Each structure stands twice: as structure tokens, then as C-alpha cells.
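Chemist: Below are the C-alpha cells for one structure; questions will follow.
The values are calculated or read from the model by the stated rules, or taken from the named source; none is laboratory data. Here the structure is a predicted model, which is why all the values come from computation and not from measurement. With ideal geometry, Cβ positions are generated from the backbone for all residues, glycine too; neighbour counts draw on all protein chains shown.
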Amino acid sequence: MTSTNLNRHEAAQRAQLISDVHYTIDLDLSGDGEPSTTTFATNTTIGFTSQAGSTFVDLRAPEVHSVILDGQDITDAAVPLVDSVFDATSGIQLQGLSEGQHELIIRADGAYSTTGEGLHRFTDPADGEVYMYTQFETADAKRVFACFDQPDIKATYDVSVTTPDGWSVVTNNVVAQEHGVEENKTVHTSTVDYLLSTYLIAFCVGPWHVVRDEWTGTVTSHPETSAEATAAARERGQLTTEGEMTVPLALYCRKSLAEYLDADELFEVTKQGFDYYAEHFGVGYPFYKYDQIFCPEYNMGAMENAGCVTIRDEYIFRSAASHYQYERRADTILHELAHMWFGDLVTMQWWDDLWLNESFATWSAAMSQAGATKYTTAWVTFANKEKAWAYGQDQLSSTHPVFSDASDIVTVDANFDGITYAKGASVLKQLAAYVGLEAFFSGIRAHFAAHAWDNATFDDLLQALEKSSGRDLSAWADQWLKTTGINTLAPKFEIAEDGTYSSFSVSQSGAQPGAGETRTHRAAVGVYSLNQDSGKLERTARAELDIAGELTDVTELIGAQSGDLVLVNDDDLTYAFIEMDQESLRTATENIDKIADPMPRSLIWSAAWQMTRNAQMKARDFVALVARGAASETEMAVLEQLLLQSRAAVSNYADEQWARTEGWRELRGALLNGVTSSTGQAQLAFARAFAGSKHSEHSADVLRVLLGEADAVSTAGPLQGKAAQEMAPGLEIDQDLRWTFIIALSGAQDATGESAEDVEKRIAAELERDSSSTGSMLAVQARAALPDAEIKARVWEDITVRGPELSNLKLRHSMAGFAHVGQGHLLDEFGPKYVTVAPELWEALSPEMALRTLEGTYPSWDHRDSTDQAIAELIEAPATPAGLRRTLREGRDRVARAKAAREFDRS
């Protein structure tokens, strides 16, 4: 039995044995005011019904004090020990259970976390206040209380949390407080009387700042949703017979961020999501209230704990934020809200349907953003951002089908990737286009009604969609969910003498990497022409059809007037690379700024970037394209992505000599031109991208002027003699942007000629201005970014030797500074060292931290054959764990892609 890495077979066996589970959880966090405290008391009483047999309870704890089963002390038999210490590998043993009801009481000490797993504890340097929150997905509830930690053993809960006076506890239901039980202590209690998987329970503890509101709306009635599906909400008074519903809302953050909490904006987006889902999901919001807690040092974007969503507190913007940042935050809010139905009300049976859980929420977030909020071009952002993530992941040798292997928890953890989220959501968008949007929503509503408060599989959903659409989806599911790789769609046409298409078809290449299958695509083909009057590229013809096999005729376009540009995935309905004919490519690249519609413009940007990655477009040509068209890009999310890609093009995919002598200079010039000529959100995006480049003496001088360290640029260059206000009129240099410039100047110390002492004085002075946790972490990054061999060695040791002692956020910023842009030449010694330490770190760190550390320190800067061969040998070594093998393989793939692109760029 493998409690710490539960596999599918053992989970299925346990689910057949165990049912009717209720947990009574008692946590004592009252001693947490002492920083030296590393553990907390956790006592769990589990009531359950069992068939006759043996099983185990999951618990990861430094110490187990006692295990009482049905009044009998079974501690010695139930608790496996190694060197007198509890060995959590096989869990708490329950041998020879009789058929019937049982009561199990486990007293233990849990461990506080600094890695964002289990119960994470954080001390705010701004005011010394302590905050805690839990993160249990995939299977870390066992780090806080004893449980059957798998999604298909749903349970009810009574919880009790003891804290110092003045603290609050936020959990899945409303909380009652009882003061005066002991001096300076408060007991907080709550009951979760609905069935919920263990990974969806949450505890957020501390002196939180809170703002409250409520949503009132009408749940639209649909024939697919039965009365039973909303009965629970009606019983607790939230839903009237007329369908009107009221849900209490709350926002929580730490006190030091309270002044920055833009509650009105956050509540507005949340309520718009409630409106959209109430209209389209047909089932009332299933829980008592909806709290969103903004948590420090958070690993991910957010987590869908039922009624108690935890969100990274970087989403509370203490400085000017870009449109893209606001859009991404809204996307996260709507993603987690969608999970309340798909994930929490109806939960996957096992983790092989993780893709469906996350893909549906990602799809729903884009749908609701575009349909109910001011972020109406969310699908444009999706085409440029999520699709890029998916395409990149799908080209790695570790690519996997959307419906992927989930044999055990370690495998599941590795699959929180671009396939699971972004390709899966792309596939669902394709499915919605294939069956029709109304039929898709109808099937979703039927799925919710049929499986409310239970577990379900993708097959259950597919049956509902087949019924609502009348289409047999089995072949579609096999094509899209059980294969890997990306098809390429290309137009094939002939033009008659009168300028019309005499023939038109779409060719489809086999998906790569993989077995080379073709798929059925619901796609649109758009024809665009230059309007001589407006000067714009405008769509003049469109055909939507099913594309199947190697060649599909597009009869609707035969006889249509030919255009200057053909897009074979117009409106981005399907998941595929697009190939443009030479005339279309020329038109697109020369007139990117003349395409008025943001979606086709985004698709062309995306196609150009994929061509660059695939060594089909020179990196220098992509940079030139960005320099020509970025300043006129109206979609801020697309603009920020383009600027990131242009820096990656020079850093990763361009010939190194060209990058060093011309590339960075050309890119900095284009970015600085954007700073000087743009306003508002675009100016901020250009300023951040300029700071993130590799700097020369002149560009570093520009940064110093923008920081206020000099009155005007003194070094020779295009802005010599210019003051900050002349260079960037209207640009607000707020605290976060100041840190961005300071990190850039630290990384450019070799170009500026400043001493390390001068750099440190700048960082220390900024910490005096900004004593927040954000400031302290950005200072870590600034110090690690110094281009000094001794500093790099010290940071490497921090990461690889003292890594288990670092918080997850400090690790993140240390790695960012270590691998600062343009410093690969300082890191040659660490490629061979990585090969040595990788297996050790994989064993020493938790799975989450091991993945983050080994991905963040992979020697992508080292293109030597000797390093590549050493990593290849480690991949093939029989003792290398599968999770580590995947991480190494992906890093090696990315290096090979960069080397091929560089070779192409210099050709």
C-alpha cells in the first residue's frame, strides 16, 4: 500500500470498501504566534461504514500519538515506524475490519509548511502578523488531518480550530466562534453538511481583513435540470420557488494589503460570473456562501475549495497593473467559480479526468469573460496565450493524450500542464463548435443534474452531450483525447482568370509528435483583402465546415473572389498549426498593423511565433515583425505576450553573435520607442519589457534616469540629454516598476561599471522604502541577478543545498535572479553540477518543490554536447524516477529546439 503515492488500483479497492464517511477535525493552532513552533495538534475522528477487509488511512505527520478503533487502542499495530519515527508511506493500517459502522480516532502532530503544500504558514514582514492557509490538491489533505484522501470518497465534516484571540478562520461553510474557552484563545467551529472530497476542504487562518457583499440573481430554468438538482439550495433558503437566489460574498486579504484591495472590481467580476453561470448552468449555486481569500506565497493561480476559494495575493495590485493583469485575474476568478459546479458539485471519479475538470473551468472562464464582462476579447487572449502554452507542451517528447495516464499521484502532479489546461480547453471549444453551443450547454446542464453531489467520468459527460446533440461522439473522443501532437492545416487553391477561386481545399498533415493521425476539425476558412479606401485588411469571405482526412474540399469558396490573405483556422475554432501560402504570409507580415479585427491579427502573431520556434522563420525576422507591428497592437494581452516572445526570440532562438552585436540593440530600440511613443497600458507594457532586456551602458543609463538617480541621460545614444519626463511622458514610476528597473540594473552591473557595493546600496535603500514581503522577495531577486561568478555560486548553493529551508516564494525569486537574462556565460559550471544534484533534490524535496526547483534551474543556457549527453544518460538510467525523467526530457527538448532555431537563424 502506498499512501504517499496512492495509485488508481488501490484507490478503487478502498472506495469499494469504505462509504458513509464523516470527519470530525480538531486543529489547535493557538501556539502559532511563536515562530519557533513547527507543529500543530491535529485530532481526527472518522465515522465510516466498511465492508469486511483491510485498508489504510492517509496521514503525513511528524508524530502519531494514538489510534483508537471502535474504542480499542490499535496504535502499535496501525502505526508503521522506521527508526522510531512514523513512516507515512503506507499510512495508518486498518487490518481485519468487520462489516458495519466504525469509529476511528487519531491523535497526531501535523507540520507547518513553507512550500505551499498542506498548511502553509507565513509571517508578514510588514507588520509581523501570521497567516495560514491550506492547499490540498492533489492529495495533501493528509498533511493536516487523517483521511481517505481520494476524490471519490466524499464525506461530511465537523471542524474545530483553536487560534489566538483576534484571528478568524475561513472554511467551506460559515464559522461560529466561542471565546474564553482558554485565556487568549478562540475556538472556531463549522459544519460541512454536504458531500465533499477531501482535496476541496480548506482552512484559512489569521487576522484577515474582510470586505463583504452578496449576489442576488435568477437561476434560469432549463428542461435538462431536475428540481432535485437545486433542492439543497432551496432548503437552506438561498433559492426561492421563483428561481431567485442570494449568495453571501466575501473577500479576505492580509492587513498590510487592505489598502490595495479593489473590492468593487473583484465583486463586479464575481457577480458577472454568477450571472452568466446562473443563466447557462441551470443549477443554483450549490454552497452556502462564496469567499475568496488572497493568500501569500501561493504556488498557483488559485484553488477551487468549495465556497472558500484561495487565490495568490499577487492579484492584489499594489502598483499600476496592466490590462492583461486585470484580465488574467478575472479569468482566474471565473475559472474557480466555474469549478463550484464542475469539480465541486460534480467531482471526477479519479485523477485521469483532471483534464476535464481544469479544461472545463478554463473554457468556462473564457466564455463568461467574453459574454458577461468588459473583457470581451477573452478568446483573442486565449488564442495567443493559452494556445501558445498548449502548442509548446504538445511538441515535447513528454507530450501525452488529453485523457492521460493517472496511474498514481506523482504522475497526476506532473500533468498539471499545458495539455491538461490549455489543449483540453481548446478541445472543448472545438467540441462546442462541433455539436453546437446550445447543445453543448444542454449536455452540461444534464450532467450537473444527473451527478450532483456525486462523482462522474468523462464518459458520463459524453453520453449527456450525445443525447443533447444527437451526434455520435465516440470517434471524435478517440481522435482528440487519446492521441498526441498537433495537425497542420494549409490552404490549397487555384485562381481563375476572373480572380475567383476555381478550386479550394484544406490539407491536413498527420499530428506530430505522435502516430501521425488526422482528425475531424470543425474549422472556419477566412479570406481577407486589402480595402484600398480604408487601408485595412478586411474579411471578404468565410466558410465553416468539418475538415477530415488529408484533403477536404471547401466548395463554398469556389467562385468567391480571391483575397490577399487566407486563414484556415479563422476564429480559432480548432486546435492546429496553420500554414499560410507565400502571398498570404507576405501580406500578413507586411500589413500586420492593418488587420482591424483582433482575432485574425492574433492568429497571425501566433503563427509567426510558432514558425520561429519551429525554425521556419528566423528569430531576427520575428523581432523585426514585432518592431514593425507591436506599437499598433490594440489588445494589451496580445501585446504583452508579443513583447515576452520577442525577448525570448533574441535570448533563445537567435544566433548568439547576431543577438550580441545587433539583436538586443534592435529590440531595445523598438521597446524604448514604444515607451516614448505610447500611453497608458501600452506604455507600461513597453517599459516592463524594456527593463527585462539585456542592457547596454546607454540603456542602463536610461533606467537610472527613469528611477530618478540622474537628471538626464548622459551616455551616447538616441536619448542622450533626455530627462525622464521627456522620454516617457505620463509613465508613473510606482513601487513595483521601481523594483523592475532595480533588478534590471543589478543584472546589468557589468555594463554600467557600477561596483557591487553601489548595487547593494541601491537595493538596501529600496528596501527602506518598501519593507513589504513583496519588496523583500524582489530584493532577493535583485541580489541574485548580479553578474558575478561568486554570487551565482552562492545562489546555486542556496537553491540546491538550503532549498528545503527556503519558502516557495524565495525559491522562485532566487531562481529568477540566478538565470537573469543574458547571463548564460556565467553559468557554464552549473550544467554538469545540475546532473549531479538533480536526483538528490528529487528525493529530498516534496514533489511540488522538486518540480519547481529542477525546472527552474535546468541548464537551458548550456548547449554543450557533453552536458546534453550527461543528461541523456541520466534520463536512461534505470534508477531515475519517472517524474524526474520527464522533467529532464522536457528540458532537453527545449534546448534542442533552441539550438535548431539558432542554427536556422544564422543560415
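Chemist: May I ask you to list pairs of residues, at least six apart or on different chains, whose Cβ atoms are under 8 Å apart, with the first in region 565-582 being assigned by TED's automatic domain parsing to the domain that holds E538 and the second being part of a strand (DSSP E or B) and basic (K, R)?
Modeler: D570/R539; D570/R542; L573/R522; T574/R522
Chemist: It is to be established whether one or more residues within region 814-824 are more than 19 Å from D124 (Cβ to Cβ), aliphatic (A, V, I, L, M) and in contact (Cβ under 8 Å) with a residue 60 or more places away in the chain.
Modeler: Yes, region 814-824 contains at least one residue that is more than 19 Å from D124 (Cβ to Cβ), aliphatic (A, V, I, L, M) and in contact (Cβ under 8 Å) with a residue 60 or more places away in the chain.
Chemist: Next question. Are any residues in region 178-187 at pLDDT below 85 and either surrounded by 13 or more Cβ atoms within 10 Å (Cβ to Cβ) or of a type in the set (A, V, I, L, M) (or both), and if so, which ones?
Modeler: Across region 178-187, the qualifying residue is only V181.
Chemist: Condition check: within 20 Å of F416 (Cβ to Cβ), outside the structural domain of V169 (by TED's automatic domain parsing), within 14 Å of the chain's Cα centre (by Cα) and not in a strand (DSSP E or B). Does N305 satisfy that?
Modeler: In short, no.
Chemist: If I go through region 362-383 residue by residue, how many of them are closer than 16 Å to D275 by Cα and either among the hydroxyl-bearing types (S, T, Y) or surrounded by 22 or more Cβ atoms within 10 Å (Cβ to Cβ) (or both)?
Modeler: Result for region 362-383: 9.
Chemist: Looking only at region 611-649, count every residue that is assigned to a helix (DSSP H, G or I) and either over 25 Å from the mean Cα position of the chain (by Cα) or at positive phi (or both) and tell me the total.
Modeler: Number of matching residues: 14.
Chemist: Restricting region 508-523 to residues that are surrounded by fewer than 18 Cβ atoms within 10 Å (Cβ to Cβ) and in contact with a strand residue (DSSP E or B) (Cβ under 8 Å, 6 or more places away or on another chain), which is farthest from R539 (Cα to Cα)?
Modeler: It comes out as Q512.
Chemist: On to the next question. Can you tell me which residue within region 36-50, out of those that are surrounded by fewer than 20 Cβ atoms within 10 Å (Cβ to Cβ) and in contact (Cβ under 8 Å) with a residue 60 or more places away in the chain, is farthest from D109 (Cα to Cα)?
Modeler: Per the criteria, the residue is T45.
Chemist: Further question: If we keep just the residues of region 552-586 that are part of a loop (DSSP other than H, G, I, E, B) and polar (S, T, N, Q), which is farthest from W480 (Cα to Cα)?
Modeler: By that ranking, first place goes to S562.
Chemist: Here's another thing I want to ask about it. List the helices (runs of 4 or more DSSP H) inside region 329-443, counting only whole elements, that have at least 3 residues being closer than 21 Å to E466 by Cα and not charged (D, E, K, R).
Modeler: Of the helices (runs of 4 or more DSSP H) lying wholly inside region 329-443, those with at least 3 residues that are closer than 21 Å to E466 by Cα and not charged (D, E, K, R) span 354-372, 424-435.
Chemist: A follow-up question, please. With L428, L437, L489 as the choices, which residue is at pLDDT 95 or above, closer than 21 Å to F382 by Cβ, surrounded by fewer than 17 Cβ atoms within 10 Å (Cβ to Cβ) and not β-branched (V, I, T)?
Modeler: Sole residue among the options that is at pLDDT 95 or above, closer than 21 Å to F382 by Cβ, surrounded by fewer than 17 Cβ atoms within 10 Å (Cβ to Cβ) and not β-branched (V, I, T): L437.
Chemist: Then there is this: Please give the strands (runs of 3 or more DSSP E) falling wholly within region 74-156 in which 1 or more residues are aromatic (F, W, Y).
Modeler: 118-123, 130-135
Chemist: Moving on to the next point. In this structure, is G526 under 19 Å from S584 (Cα atoms) and either among the aromatic types (F, W, Y) or loosely packed, with under 14 Cβ neighbours inside 10 Å (or both)?
Modeler: Considered against the rule, which asks whether it is under 19 Å from S584 (Cα atoms) and either among the aromatic types (F, W, Y) or loosely packed, with under 14 Cβ neighbours inside 10 Å (or both), G526 comes out as no.
Chemist: When you scan region 236-252, do you find a residue that is touching a His at 6+ places or on another chain (Cβ under 8 Å), modelled with pLDDT of 95 or more and outside the structural domain of D140 (by TED's automatic domain parsing), even just one?
Modeler: Taking every residue of region 236-252 in turn, at least one turns out to be touching a His at 6+ places or on another chain (Cβ under 8 Å), modelled with pLDDT of 95 or more and outside the structural domain of D140 (by TED's automatic domain parsing).
Chemist: Continuing with the same structure: Filter region 160-183 for residues that are assigned to a strand (DSSP E or B) and under 30 Å from the mean Cα position of the chain (by Cα) and give the result.
Modeler: Those that are assigned to a strand (DSSP E or B) and under 30 Å from the mean Cα position of the chain (by Cα): S168, V169, V170.
Chemist: Oh, and also: When you check T332 against the structure, is it under 30 Å from A450 (Cβ atoms), under 15 Å from the mean Cα position of the chain (by Cα) and surrounded by fewer than 24 Cβ atoms within 10 Å (Cβ to Cβ), yes or no?
Modeler: yes
Chemist: Return only the number of the condition from (1) part of a strand (DSSP E or B); (2) touching a residue at least 12 places away in the same chain (Cβ under 8 Å) that Q479 does not satisfy.
Modeler: (1)
Chemist: Related question: Would you confirm whether any residue within region 671-688 is over 22 Å from P729 (Cα atoms) and either modelled with pLDDT under 95 or part of a helix (DSSP H, G or I) (or both)?
Modeler: no
Chemist: What residue, of E797, E805, E760, E840, is surrounded by fewer than 20 Cβ atoms within 10 Å (Cβ to Cβ) and under 26 Å from F690 (Cβ atoms)?
Modeler: When all the criteria are applied, what remains is E760.
Chemist: Answer yes or no as to whether A108 is assigned by TED's automatic domain parsing to the domain that holds N7, surrounded by fewer than 19 Cβ atoms within 10 Å (Cβ to Cβ) and of a type in the set (A, V, I, L, M).
Modeler: no
Chemist: What are the residues in region 36-69 that are over 19 Å from R14 (Cα atoms), in contact with a strand residue (DSSP E or B) (Cβ under 8 Å, 6 or more places away or on another chain) and part of a loop (DSSP other than H, G, I, E, B), if any?
Modeler: Once the filter is applied, which keeps residues that are over 19 Å from R14 (Cα atoms), in contact with a strand residue (DSSP E or B) (Cβ under 8 Å, 6 or more places away or on another chain) and part of a loop (DSSP other than H, G, I, E, B), region 36-69 yields T38, A61, P62.
Chemist: Quick one: in region 654-693, of everything that is among the polar types (S, T, N, Q), within 27 Å of A898 (Cα to Cα) and touching a residue at least 40 places away in the same chain (Cβ under 8 Å), which residue is surrounded by the most Cβ atoms within 10 Å (Cβ to Cβ)?
Modeler: The extreme case among them is S693.
Chemist: Would it be correct to say that R601 is basic (K, R), assigned to a helix (DSSP H, G or I) and either touching a strand residue (DSSP E or B) at 6+ places or on another chain (Cβ under 8 Å) or crowded, with 21+ Cβ neighbours inside 10 Å (or both)?
Modeler: It is true that R601 is basic (K, R), assigned to a helix (DSSP H, G or I) and either touching a strand residue (DSSP E or B) at 6+ places or on another chain (Cβ under 8 Å) or crowded, with 21+ Cβ neighbours inside 10 Å (or both).
Chemist: Let me ask something else about it. For region 694-718, give me the residue count where each residue is crowded, with 19+ Cβ neighbours inside 10 Å and touching a Gly at 6+ places or on another chain (Cβ under 6 Å).
Modeler: Qualifying residue count, region 694-718: 2.
Chemist: I would also like to ask the following. Taking interchain pairs and intrachain pairs at least six residues apart, which have beta carbon atoms under 9 angstrom, with the first residue in region 413-426 and closer than 15 Å to L851 by Cβ and the second of a type in the set (F, W, Y)?
Modeler: Listed pairs, sorted by first residue: N415/W351; N415/W355; D417/W389; G418/W389; G418/Y391; T420/W355.
So that you can scan it fast, the table gives a plain yes or no per residue for (1) polar (S, T, N, Q); (2) under 30 Å from A475 (Cβ atoms):
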| position | (1), (2) |
| --- | --- |
| S509 | yes, yes |
| T518 | yes, yes |
| H521 | no, yes |
| S534 | yes, no |
| R539 | no, no |
| E544 | no, yes |
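Chemist: Answer with yes or no whether V85 is assigned by TED's automatic domain parsing to the domain that holds N5, closer than 30 Å to V130 by Cβ and without any contact (Cβ under 8 Å) to a residue 40 or more places away in the chain.
Modeler: Criteria met by V85.
Chemist: Pairs under 6 Å by beta carbon, first residue in contact (Cβ under 8 Å) with a residue 12 or more places away in the chain in region 787-812, partner assigned to a loop (DSSP other than H, G, I, E, B), six or more apart or different chains?
Modeler: From region 787-812, the pairs are P787/Q823; S807/T114; S807/E297; N808/T115; N808/G116; N808/E297; N808/N299; L809/E297.
Chemist: Could you identify the single residue in G856, G891, G817 that is within 28 Å of T399 (Cβ to Cβ), crowded, with 20+ Cβ neighbours inside 10 Å and of a type in the set (G, A, S)?
Modeler: Result: G891 is the single residue among G856, G891, G817 that is within 28 Å of T399 (Cβ to Cβ), crowded, with 20+ Cβ neighbours inside 10 Å and of a type in the set (G, A, S).
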